[in-house]
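K.L.:
Got a structure for you, questions after.
The values are calculated or read from the model by the stated rules, or taken from the named source; none is laboratory data. Everything quoted here is computed from the prediction, not taken from an experiment. Here the Cβ positions follow ideal geometry from the backbone for every residue, glycine too, while neighbour counts run over all protein chains shown. Protein only, heavy atoms only, side chains kept; ligands, DNA and RNA dropped before computing areas. Shrake-Rupley method; radii C 1.70, N 1.55, O 1.52, S 1.80 Å.
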Amino acid sequence: MRTIISILLLLSWAGLSAGAASEGKPPTSADLWRSEHLIIDLHQHIDCTTQRLARAVKIMDAAGVGIGVNLTAGTVTPGPNGGPSEFEQNKKLADTLFPGRFLHYVNLDYADWDQPDFSARAVKQIEEGYRLGAAGFKEWKRLGLYLKDGKGQLLKVDDPKLDPVWERCGELGLPVSIHVADPKAFWLPYDEHNERWKELKDHRSWWFGDTNKFPPWKELLESLNRVIARHPKTTFVCVHFANNAEELEWVDQSLGRYPNMMADLAARIPEIGRHYPEKVRRLFIKYQDRILFATDFQSLDRLILGSSGNEPPPTDADAEVFFAKEWRWLETRDRNWPHMTPIQGDWTISSIGLPDSLLRKVYFDNARKLLARSLPRPVLRARRISQDFELDGCLGSPLWRTASAVIVEQTSADGSVRPDVSTAVRALWSEKYLYMAYECPFTELTVFTPAQSSGKRFDLAKQGVSLWDRDVVEAFIGSEWDQPRRYAEFEVAPTNERLDLMILNLPEKDFSWNSKFESVVKVDKKSRIWTCEMRLPLESFGKVRPSPGTKWHLNLFRCDRANKAFLAFCPTLTGSFHAPERFGTLEFVE
Ligand SMILES: [Zn+2]
């Protein structure tokens, strides 16, 4: 597995963008992830205008961030004269200008709070956001601190009127990002002795020290924990390091108590970095599946890098330094260096130097699972070749090396990532054939012996006796773009036993269909990699032949029983592989 991955990494090293790695030094894994745009920033605020989106993308490109999650895309309340809502307009513009670079969270309109049916109306807003493609729901610190009802009382974080909202988010699979409270210093005396004075003096409204007006700091955190406890099927990403970067023990206990709670890092590395780094590192190791990379990068009328005040606005170059410091904190063991958001306070921080296996979880794997429903559909590009070749199972040939690989490593049912069985897949095409190549790291093969030499091994009436009940690689390919429920299925086992069938109109399946496809399998027991090379006659897909630019529906799967891995190119997010509404794309290119 390591061999495949490092070959892929080396191949992509040639295409590294400027600034991704420092001059002369060999690239680290993280440099390569940045060059491949794998990193997801789960906490951004983008004003969706052409210019501000473009500025954000330029900075993300330079820093090596692939996807930004815009938490403030607006509400679904219709615009003037019933026109499209703010959310709809913002998402549409970002998707048109920069497809695949941003996901958007919907926000709630509280205008009807005092109406007796507020809860039902709020649930409708969430449902409409879901319909319009919201990736999640964001609530900011206005609950408990700013929003007031008709009688002038502050809305409580755990007001039961909001329960149906949290519950519906869980049912729809919309993660919630929620901000409550703030640094403790915002509850301490408002004067120049306050350690957050630089920030507070420019933001009088961030000071909550007046006990007649505001609830105590701890009460806000406790009320959010009550909400999280009441909705175990809803995922709550508690922003700013679980809203309490100052108390690692509290974060540890809360994450321990609530499996549906996660924490983002947005704008809190300056605070987390003040703790003893080994202690922070232990917490990251303990909750490695629950911590998400996030910055609070904001492209508004000015840039904001975690926080801001009345100082002159940062430049694009400052933004690159900001991201570089995020990487430095997570990737090095540097001690006592000036943090990335000086306005938050005058102190230094120490890095936690996570190993690659954890770093990738924090940078993107945890977010890939959390956002699986909304992430851009993957594309496998098949490169055209002028001459056909006979299969020999040798994937190191010059021809195959010109084909770019996709990595199949997400669990189909839930999007969780399995780097231990990452499977590389490439494709080539000629006038007559589509060629596919799989490289599958394994620990132990689970196969039928002896392999059946003719016919197809399947019995729909019996459990556990069909080819797909052991280890296989699979390709589901639909050649008609407007007929997504019609596609061919190909399976090959490590014994080179194979099976093909046509799904005519799901669930109707034709096992008598014969594509005459060929395959060669090699099992390298020493390096523990099995490879499969396939050649699929294009005429078996019907009369229509691809040309450069043609797009077909595609999903790729791998079953590896020994590792309990059931992987998909694009996770179907159900127990079945037959979910064509969740397929990715096969694109034929020159
Ligand atoms: Zn924010």
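K.L.:
Pick from 79, 83, 64: which is crowded, with 24+ Cβ neighbours inside 10 Å and away from the ligand (no atom under 16 Å from the Cβ)? Break it down stepwise before answering.
P.N.:
Details: 79 fails: crowded, with 24+ Cβ neighbours inside 10 Å; 83 fails: crowded, with 24+ Cβ neighbours inside 10 Å.
Step by step, each of 79, 83, 64 is checked, and only 64 is crowded, with 24+ Cβ neighbours inside 10 Å and away from the ligand (no atom under 16 Å from the Cβ).
K.L.:
Does residue 168 satisfy the criteria of being within 29 Å of residue 250 (Cβ to Cβ), away from the ligand (no atom under 16 Å from the Cβ), within 22 Å of the chain's Cα centre (by Cα) and open to solvent by 60 Å² or more (accessible area, probe 1.4 Å)?
P.N.:
Yes.
K.L.:
Would you pick out the residues in segment 278-316 that are under 22 Å from residue 361 (Cβ atoms) and not in a loop (DSSP other than H, G, I, E, B)?
P.N.:
If the condition is that a residue be under 22 Å from residue 361 (Cβ atoms) and not in a loop (DSSP other than H, G, I, E, B), then 278, 279, 280, 281, 282, 283, 284, 285, 286, 291, 292, 297 are the ones that fit.
K.L.:
Restricting to segment 107-128, name every residue that is under 18 Å from residue 43 (Cα atoms) and either of a type in the set (Lys, Arg) or touching a residue at least 40 places away in the same chain (Cβ under 8 Å) (or both). Spell out how you get there, then give the answer.
P.N.:
Filtering segment 107-128 down to residues under 18 Å from residue 43 (Cα atoms) leaves 107-108.
The answer is 108, and nothing else.
K.L.:
Pick from 176, 157, 180: which is within 16 Å of the ligand (Cβ to nearest atom), of a type in the set (Val, Ile, Thr), more than 27 Å from residue 347 (Cα to Cα) and buried (at least 21 other Cβ atoms within 10 Å of the Cβ)?
P.N.:
Exactly one of 176, 157, 180 is within 16 Å of the ligand (Cβ to nearest atom), of a type in the set (Val, Ile, Thr), more than 27 Å from residue 347 (Cα to Cα) and buried (at least 21 other Cβ atoms within 10 Å of the Cβ), namely 176.
K.L.:
Can you report the number of residues in segment 45-61 which are within 14 Å of the ligand (Cβ to nearest atom) and surrounded by fewer than 24 Cβ atoms within 10 Å (Cβ to Cβ)?
P.N.:
Result for segment 45-61: 2.
K.L.:
Taking segment 278-305 only, how many residues are open to solvent by 10 Å² or more (accessible area, probe 1.4 Å), within 16 Å of the ligand (Cβ to nearest atom) and over 21 Å from residue 90 (Cα atoms)?
P.N.:
Qualifying residue count, segment 278-305: 1.
K.L.:
So, one more: Among residues belonging to segment 203-220 that are among the basic types (Lys, Arg) and farther than 22 Å from residue 307 by Cβ, point out the one that is surrounded by the most Cβ atoms within 10 Å (Cβ to Cβ).
P.N.:
218
K.L.:
Do you know which residues across segment 43-90 are polar (S, T, N, Q) and at pLDDT 95 or above?
P.N.:
Across segment 43-90, the qualifying residues are 44, 49, 50, 51, 70, 72, 75, 77, 85, 89, 90.
K.L.:
Within segment 221-277, which residues are open to solvent by less than 20 Å² (accessible area, probe 1.4 Å), part of a loop (DSSP other than H, G, I, E, B) and away from the ligand (no atom under 16 Å from the Cβ)?
P.N.:
Correct list: 231, 234, 260, 273.
K.L.:
Need pairs with beta-carbon distance below 8 Å; first residue free of Cβ contacts under 8 Å to residues at least 40 places away in the same chain and within 12 Å of residue 539 (Cβ to Cβ) and within segment 420-434, second β-branched (Val, Ile, Thr) and open to solvent by 10 Å² or more (accessible area, probe 1.4 Å); sequence gap 6+ or separate chains.
P.N.:
Pairs that qualify, where the first residue is free of Cβ contacts under 8 Å to residues at least 40 places away in the same chain and within 12 Å of residue 539 (Cβ to Cβ) and the partner is β-branched (Val, Ile, Thr) and open to solvent by 10 Å² or more (accessible area, probe 1.4 Å): there are none.
K.L.:
Considering segment 433-485 alone, what residues qualify as being among the acidic types (Asp, Glu) and open to solvent by less than 70 Å² (accessible area, probe 1.4 Å)? Even if it seems obvious, please write down each step before you answer.
P.N.:
Start the filter on segment 433-485 by keeping residues that are among the acidic types (Asp, Glu), which leaves 439, 444, 459, 469, 471, 474, 480, 482.
Passing the criteria: 439, 459, 469, 471, 474, 480.
K.L.:
Can you work out which of the residues in segment 512-539 that are of a type in the set (Ser, Thr, Tyr) and not in a strand (DSSP E or B) is farthest from the chain's Cα centre (by Cα)?
P.N.:
Ranking the qualifying residues of segment 512-539, first place goes to 512.
K.L.:
Could you give me the residue pairs with C-beta distances under 7 Å whose first residue belongs to segment 269-297 and is more than 15 Å from residue 242 (Cβ to Cβ), whose second residue is acidic (Asp, Glu) and in a helix (DSSP H, G or I) wherever it lies, and which are 6+ apart or on separate chains?
P.N.:
295/326
K.L.:
Tell me, please, whether a residue that is within 16 Å of the ligand (Cβ to nearest atom), within 25 Å of residue 235 (Cβ to Cβ) and surrounded by 13 or more Cβ atoms within 10 Å (Cβ to Cβ) can be found in segment 120-135.
P.N.:
Looking for residues that are within 16 Å of the ligand (Cβ to nearest atom), within 25 Å of residue 235 (Cβ to Cβ) and surrounded by 13 or more Cβ atoms within 10 Å (Cβ to Cβ), one finds at least one in segment 120-135, hence yes.
K.L.:
A further question on this structure: Go through segment 529-572 and give me each residue that's charged (D, E, K, R) and open to solvent by less than 10 Å² (accessible area, probe 1.4 Å). Before you say what the answer is, go through the steps one by one.
P.N.:
Residues of segment 529-572 charged (D, E, K, R): 533, 535, 539, 543, 545, 551, 558, 560-561, 564.
Selection gives 533, 558, 560.
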